[in-house]
1. Looking only at residues that are in a loop (DSSP other than H, G, I, E, B) and buried (at least 17 other Cβ atoms within 10 Å of the Cβ) in the range 25-50, which one is modelled with the lowest pLDDT?
2. Of (1) hydroxyl-bearing (Ser, Thr, Tyr); (2) modelled with pLDDT under 95; (3) in a strand (DSSP E or B), TYR102 satisfies all except one. Which?
3. With respect to VAL112, determine if the residue is free of Cβ contacts under 8 Å to residues at least 24 places away in the same chain, over 28 Å from GLU64 (Cβ atoms) and not acidic (Asp, Glu).
4. Test SER88 against the stated conditions and say whether it is closer than 21 Å to ASP69 by Cα and at pLDDT 95 or above.
Amino acid sequence: MKKLLCVVLMLCMALTAALAEETPALTWEAFVPILEAGGVTGQFYTFDEIAVKIWLPEGMNPVELTEEDRANGYIGYFMPDDKSAAVSVMYVDVNGMSLEDYAAYLSGEEDVTEVEAGTVNGLPCVTYKMPAKNTLSITFATVAGYALELTCTPIDEENAELVWGAVVSSIQAVE
């Protein structure tokens, strides 16, 4: 319990420091020592379709995607055995919108809150929440009018934003 509390407090400090900047900037390097200190383990999953890798905590297992899922843009979906949480990775057609245009579009949606531009590991992005769906999403622009979108749920559980902050901060190009 003490390790978990230590991890939570350290993650809070890291997120507070990142969000205190005008443009939030998260880096994986900032989270690694915090996760290690708390004994939090996980692994990276690589998405060859988009040359990106994402870290997920232990217990988040890949779910088999159907052809319909793939047709709808899903390239990855992860859940624990008890189905209490989920992380989806999608390659979404945004009709050529820039990140600024996408942020403006999201700001006009009724069910979207806290739209913010930022960077993660040097990659420009837009984050937003959908409280009615209990989700946090982060979107990165890609080539050809598409966007990489990572969505995490639930966000209303205690410490959920801290865990999802670690997941979000891990997104990086495959070397």
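1. The extreme case among them is GLY38.
2. (3) is the only condition that TYR102 fails.
3. The answer is yes for VAL112.
4. Judged against the criteria, SER88 is a match.
The values are calculated or read from the model by the stated rules, or taken from the named source; none is laboratory data. All values derive from a computational prediction rather than experimental measurement. In this analysis, Cβ positions are derived from the backbone assuming ideal geometry, glycine residues included, and neighbour counts consider all displayed protein chains.
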